[in-house]
Structure formats: structure tokens, C-alpha cells
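Just below is one structure, and these are the notes that go with it.
The values are calculated or read from the model by the stated rules, or taken from the named source; none is laboratory data. Please read all numbers here as calculations on a predicted model, not as lab measurements. Here the Cβ is made from the backbone with ideal geometry for all residues, glycine too, and neighbour counts use every protein chain on show. Heads up: the accessible areas ignore ligands, DNA and RNA and are worked out on the full protein's heavy atoms, side chains in. Shrake-Rupley method; radii C 1.70, N 1.55, O 1.52, S 1.80 Å.
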Amino acid sequence: AQLCYSVPEDREPGFSVGDLAKDLGVELRSLAARNVRLVSEGGQRHFQVDLAAGVLLLDSRLDREALCGQNPTCSLHLQLVMENPLQLYRVEVDVLDVNDNAPQFLKPEVVLEITEVANPGTRLPLEVAEDPDMGSNSISTYELSPSEHFALSINMRGDGVKMPEIVLEKALDREKVAVHHLTLTALDGGNPVKSGTAKVTIHVLDANDNPPVCDPPISKVHLEENVPVGTLVTKLNVTDLDEGPNGDVEYSFKTSNNVPGKFTKLFSLDPRTGEIRTKAPLDYEESSAYEIAVRARDKGSPAMEGHCHLRVELIDINDNSPEIVLTSLSSPVQEDATPGTVIALIGVKDSDSGDNGQVHLQIAKELPFKLVSSFKEHFSLVTNGPLDREKASGYNITVKAVDSGSPQRATQKTFYLRIADVNDNAPNFSSPFDTAHVQENSLPGTSVFSVSASDPDEGSNAKLSYSILDNGMQDVPISTYFRIDQDNGTIYTVRALDYEQDKVFQVPVEVKDAGSLALSSTAVVHVFILDENDNAPTIVYPSVPKGSAFHQTIPALAEPGYLVTKIVAVDADSGHNAWLSYQLQETTEALPFQVERRSGEIRVAQALRESEDPYRLVVEVRDNGTPSLSASVVIVISPEENSVQDFAKSLDLPKSSPKDTNLTLYLIISLVSISLVSCVMFAVVAARCL
């Protein structure tokens, strides 16, 4: 016999499939006695018999899709064996489908392509979804997410499978939407309804229907001059809504009439990236801006192109130092130039612009000059104080030009300004008083002294000439005694000088320059005459004619020390030349007399001999000069008996004559004059030193 049962596939183990005892018509207590057992075909155990209840129970959860796949019917066959007596029953259990599987696409994402120029109505077939369930639980329909351009169409295949297709309803524009993302949903007919989804990505294939577009079409870039070569100026922002070769853009400079512009020498353009870089140094002073035209061309067929215009404006940097131009220079300038006298005209220029090109001139403050702005970028250098060539014969004037850039740049230029001399300084003697000495009896033309004067001026203003002034201080014009070399100031004698006549001369010397308005100054040279031993002593007493002798009597009994007489002599010379000494000339026999060396007194040296013969003495008076000069007198001394003679009478010395008094006065005046002149000289020297 055959028993038939059915069980839904989603029942849990222990579920009662059928009442075997009832369907077999046996009692419950006999089932155990008859050793009832199940034998599964295929060796899989899905069921068991509950002998106590006499029912067929589900031993494990069933999966119809795993057991039977896509078969429309799914049955499990069992054999029920009963012993005592042995009986065999066939049991067939139909596994009923339950909507326990959702539709599923083989690929979770479907990628489709369609050209952007496709016509509406174009169909794109889709893959079908799979659902292991059967019947009404299998796929019932498909749905597509809303789309402006696409719709879903479902066709029935011969085997009843529903085939979804996407239909283009509205023309596409890849440049607006390059990729469309849709969702395809498969729905089954179960209750509740289960579904499965797949992402549908539709790529719109490009067509070369868009030209390259530069954004912005006209742009401006600011770039510092002197940037390193290779500096990125800009990267052109060019878009081509097409893709692939249609959107692959190449860049090139756009030239006028196929003549390369100047900018092509300074800038490079990468044809692939659109990067514009410098390829040579940029100089603001050469050009402050450049206009660059660029052509952007795609590789479509036919090719389309766009144009970009770039203005590169250079930013000036302080890369140029100021330049100083000496337009005019008045050199030399007179030292008596009045303040404000224009010395030089100076121009400045700076190739930079703005503050970088604003230039200020300056000179050292200690100079007696100043800068006066004449007009833009032109200055006058004028005197700003008195000039003195004797203090500064010229000036190295350094003019410094400084711009206002940051950092500042400076240039300096030095030029020499010579100061021309004017005769504003009188000659000046090294000393207003000088002292000179000259031997008397010197030959005419003997050099006495050289005066020296200086003049801080130069040229003819400092050319000096010397002369001797006749100021009437001497009875005879001084020019009869002295002359002077007008070029070197050396004083010479004109004639031989006599100390005994003139002991000192005041020689006034004038020095004069050769300026147009000659200036002069004077000095006095005191010329002292040095005495020479040119005068022999003169015996004043006793005064006897030449060749005669002086006779003197003395007592015959005169004792030693008795003053016989005194020799008085004078010497017109002075000093040691006038120092006189007295001595007796040596004779063959000794004389009883002696003469005092200094006073000239002749005295009895020893007792006189008894003789009536007179004594003859030769007294020599000698000066102390070199060579020494002398004079002598013969004295005859006669002793007499009982001769007593008054000393004064016998001596009979001469009275002082007026001539002798005048000589003494002259000597005193000379000594006082020499002392005064020496004091004055010492005072002048001390004052100069202080």
C-alpha cells in the first residue's frame, strides 16, 4: 500500500506529518511489537516514527530548494517496514514550497554603456534575477528606479521567464550627466512579497560635441621680477566636457600671423598640463606686463579648440641701485666764494618704480656744502659756509644716493673739489725780532743772517720777496751797511763794519707777497758787531813822542816798594781784546824795579846800587786779543841824593779827558742795549712756546 503526505518546507523538527496508525489501520500498541521502522531512499534521514503516538514526525528541517532544485514537484519517498507479519508500505511525502527565498541577481551591479548621441527608444537588455522558489513564490515582476532618461520594459521569454530591458526615453548629454545610477528590483509573488535589487550603472559614452573651455577666459597673474627660471606662473584651468581623446587637451601659444611673440622667449608652456613657467629672467624695467594668448585644442575628430588670455603683471622689486650722474662740476672754486655758490649739478635715476625708485641724496654733515633739490631727480651742490684753502685745499665729496625700497639699495660717488687760493693771508716771519752777529772788519758781501717768512697762500700769492726798510733809526741809511737777497732773505754786508764806530744795527726787513693786492709784514734783525783785536793799546801816560823816553827821578835811597810811576794805557777794543797787561822787557842785566801786571805801577823791587847811572826800563803794554797787540814806552829812572818829591807831583798823572768819559759812556750804553735786546728775545720765545 502507499501512503501520501505533504509538509511545508519551513516546519521545525518534531512537526507531525501524518497519523500512520490511523492510516494503516493498526492499533498503537502493536506498532512497537511489530518493530516498525523507516527506510529512506537515498540514505538521508528526514523523518522518524513516534511509536507511542503512531505518527510520522519531521526529524530535520527541510529545504525544498536543496532537495529538489527547480523541479516543479518535490517528493520524498520512504519505506515503512513492519514485522510479524512482514509488511512493506511506501510512503510519499510532498515537500510544499514556502516563499523563503528572495529574488537574487547574479551580479550585484550591472554596468552598461550607451553613446550620448543614441536615439530615444534604444534598448539595453538586462540580466534576469533568480528565485529558487517555485510557482507564485518565484519572480513575478521587475521595477526600475525613477529616471528622466530611462524606463523599464519586461518581455516574456518562451519558457515563461520575464526578461527586463532598459529603454532610452530622452536624449542624453554626457557633459551634463556622464553616469546614470539606477536600481533594478525583482519582486516575487509570495506573501509577503520578497525582492532583490541590483545596481545598474549606465555610462554615457562621449562624443566630441564640446570645445575646451578656459576658466576664466581672461586672467591676470602678478609675478615678482627676477624670479628664478622655471618658476610656475600659472596652470591654466581648461575643461572639456568630453572625455577620452575628445577631452584630451593640448596647449600651445597663440601667435599673431605665425610670428612668435616676445613672451615666447620668456615663458614656456607645457602642452600636456597647461603649466606656464618662466624660462628666462624677467625684468620689470624692460617690460612691466606681458599678454599671453594660449590655444587649447582637443584630439577629437573633428578637433575643437578654445582660447585663454593671460596677463602677467610684474611686481617691481628693488633690484636696481640708484645711479648718480655728475652733470657739471665747477672745480676749482674760490675760497672766498659766498654761501650758496653752486659747485656742481648732480642728477640721479633709479630704474625701479614706486618707493623703490624714490631716491634721496646725502653728503657728510661736516662738509661746508649742502644739497639743494632743483627739480625732480636733479640737485645742486652749493656752499654752506666759509671756505679756507689754508685749512683744506680740497674736499673729497662723497655723494650717497639711497632709495626707499626694502631693503634699501645705495650708491655713492666721490669726486674731488679743489679750492682755489685768494691772497687773504699776509706773509708771516718766524719771529718778529731776530738777533745776528757779525765780525767787524768782515769783507763786504759777508752773510750776516737769513730771515725766513711763510705764507699759507699758494702760487703767486705765496711768492715772497724781501727788502730792507730805511726807517731813519741810524744816522746813515741802513742800506749803506746791509743789503738783502729779495728771494731767500739772506742779509749781506755792504761794507766793512767797525765795532768801535757802531756796535749794533737795527735792520728792519719787510716781506711782501706777489698777490694782486700784495700783503706784507716786517721784522727787525738786531745785528751785533763782534769786536776784533784791531787796535793796539795806547799809552796815555806818560805821553812822550815816539822814539823819546820818559825821565823820572827817584830818591837814591828809595826802599823796595817805592812807587816810581804808573803807566796808564787804553785800548779802543773791548772785552778781552781790551784787557791790558804790563811787563818789563827783559834786559841783559837785572833791574831793581818791577811793574804791576794789571795796574801798570812801577815800583822799586830792591835796594838801588850805588851808582849815578840812570836806569833804562822798557815797559810793554800788551792786550789779550788774538793775535795780541802791544805798545811800549821807555822810562829812564835817575836816582838823586836827598831827592824828596811829592808823589802826586812827581807822578803827575793825567786828568780824565772828555774823550775818555765818552768812551766809557759808550761802553755802558752797549752793555745795557745788549741786555735789553736779550730780555726781549727771551720774552718773545717764551710767549711763542706758551
### Cβ pairs under 8 Å, 6+ apart, first in segment 555-569 and more than 16 Å from residue 584 (Cβ to Cβ) and assigned by the TED database to the domain that holds residue 617, second outside any strand (DSSP E or B) and open to solvent by less than 30 Å² (accessible area, probe 1.4 Å)
555/643; 556/608; 556/643; 557/608; 558/608; 568/600
### Task
Please determine, by comparing only the residues of segment 164-184 that are buried (at least 19 other Cβ atoms within 10 Å of the Cβ) and modelled with pLDDT under 90, which one is farthest from residue 205 (Cα to Cα).
172
## Note on the structure
Considering segment 308-361, residues that are under 19 Å from the mean Cα position of the chain (by Cα) and of a type in the set (A, V, I, L, M), and then whichever is most open to solvent (accessible area, probe 1.4 Å), we arrive at 317
### Task
Considering each of 381, 417, 443, 387 in turn, give the residue that is open to solvent by 20 Å² or more (accessible area, probe 1.4 Å) and either touching a residue at least 12 places away in the same chain (Cβ under 8 Å) or farther than 26 Å from residue 689 by Cα (or both).
443
### Query
What single numbered condition from (1) farther than 21 Å from residue 368 by Cα; (2) crowded, with 19+ Cβ neighbours inside 10 Å; (3) modelled with pLDDT under 90 fails to hold for residue 404?
(2)
### Task
Within segment 177-201, track down each residue that is farther than 28 Å from residue 99 by Cα and either touching a helix residue (DSSP H, G or I) at 6+ places or on another chain (Cβ under 8 Å) or in contact (Cβ under 8 Å) with a residue 40 or more places away in the chain (or both).
178, 201
### Answer from 230, 274 - the residue that is touching a strand residue (DSSP E or B) at 6+ places or on another chain (Cβ under 6 Å) and free of Cβ contacts under 8 Å to residues at least 40 places away in the same chain
274
### Summary
Requiring at least 3 residues that are touching a Lys or Arg at 6+ places or on another chain (Cβ under 7 Å), the strands (runs of 3 or more DSSP E) wholly within segment 528-616 are 581-584
### Task
Scan segment 499-523 for residues that are open to solvent by 60 Å² or more (accessible area, probe 1.4 Å) and either of a type in the set (Phe, Trp, Tyr) or in a loop (DSSP other than H, G, I, E, B) (or both) and jot them down.
501, 516, 517
### Query
Could you list, in sequence order, the residues of segment 122-138 that are assigned to a strand (DSSP E or B) and open to solvent by 40 Å² or more (accessible area, probe 1.4 Å)?
123, 125, 130
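Per-residue answers, yes or no, for (1) touching a Ser or Thr at 6+ places or on another chain (Cβ under 8 Å); (2) among the aromatic types (Phe, Trp, Tyr); (3) outside the structural domain of residue 220 (by the TED database):
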site	(1), (2), (3)
289	no, no, no
338	yes, no, yes
343	yes, no, yes
351	no, no, yes
### Task
Determine which member of the set 161, 221, 200 is open to solvent by 20 Å² or more (accessible area, probe 1.4 Å) and either at pLDDT below 90 or closer than 24 Å to residue 121 by Cα (or both).
161
### Scope segment 207-228; condition under 46 Å from the mean Cα position of the chain (by Cα) and outside any loop (DSSP other than H, G, I, E, B); matching residues
218, 219, 220, 221, 222, 223, 224
### Message
Exactly one of these conditions fails for residue 268: (1) free of Cβ contacts under 8 Å to residues at least 12 places away in the same chain; (2) assigned to a loop (DSSP other than H, G, I, E, B). Give me its number.
### Response
(2)
### Task
Give segment 540-574 a look and list any residue that's surrounded by 17 or more Cβ atoms within 10 Å (Cβ to Cβ) and of a type in the set (Ser, Thr, Tyr), or say none.
541, 565, 574
### Message
Looking only at segment 231-249, count every residue that is surrounded by fewer than 17 Cβ atoms within 10 Å (Cβ to Cβ), farther than 22 Å from residue 179 by Cβ and not hydroxyl-bearing (Ser, Thr, Tyr) and tell me the total.
### Response
3
#### Entry: Filtered residues of segment 250-262 (kept if crowded, with 19+ Cβ neighbours inside 10 Å and modelled with pLDDT under 90)
none
#### Entry: Unmet requirement for residue 468, which otherwise passes all of (1) out of contact with any Ser or Thr (no Cβ under 7 Å at 6 or more places or on another chain); (2) among the aliphatic types (A, V, I, L, M); (3) open to solvent by less than 60 Å² (accessible area, probe 1.4 Å); (4) under 30 Å from residue 532 (Cα atoms)
(1)
### Query
Does any residue in segment 92-116 that is of a type in the set (Gly, Ala, Ser) come within less than 8 Å, Cβ to Cβ, of a residue that is open to solvent by less than 30 Å² (accessible area, probe 1.4 Å) and part of a loop (DSSP other than H, G, I, E, B) six or more places away or on a different chain, and which pairs are these?
102/131
### Query
Are any of the residues in segment 472-481 at negative phi, touching a His at 6+ places or on another chain (Cβ under 6 Å) and surrounded by 13 or more Cβ atoms within 10 Å (Cβ to Cβ)?
no
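One line per residue, one yes/no per condition, for (1) crowded, with 18+ Cβ neighbours inside 10 Å; (2) out of contact with any Ser or Thr (no Cβ under 6 Å at 6 or more places or on another chain); (3) β-branched (Val, Ile, Thr):
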residue: 13; (1), (2), (3): no, no, no
residue: 40; (1), (2), (3): no, yes, no
residue: 49; (1), (2), (3): yes, yes, yes
residue: 61; (1), (2), (3): no, yes, no
residue: 69; (1), (2), (3): no, yes, no
residue: 86; (1), (2), (3): no, yes, no
residue: 91; (1), (2), (3): yes, yes, yes
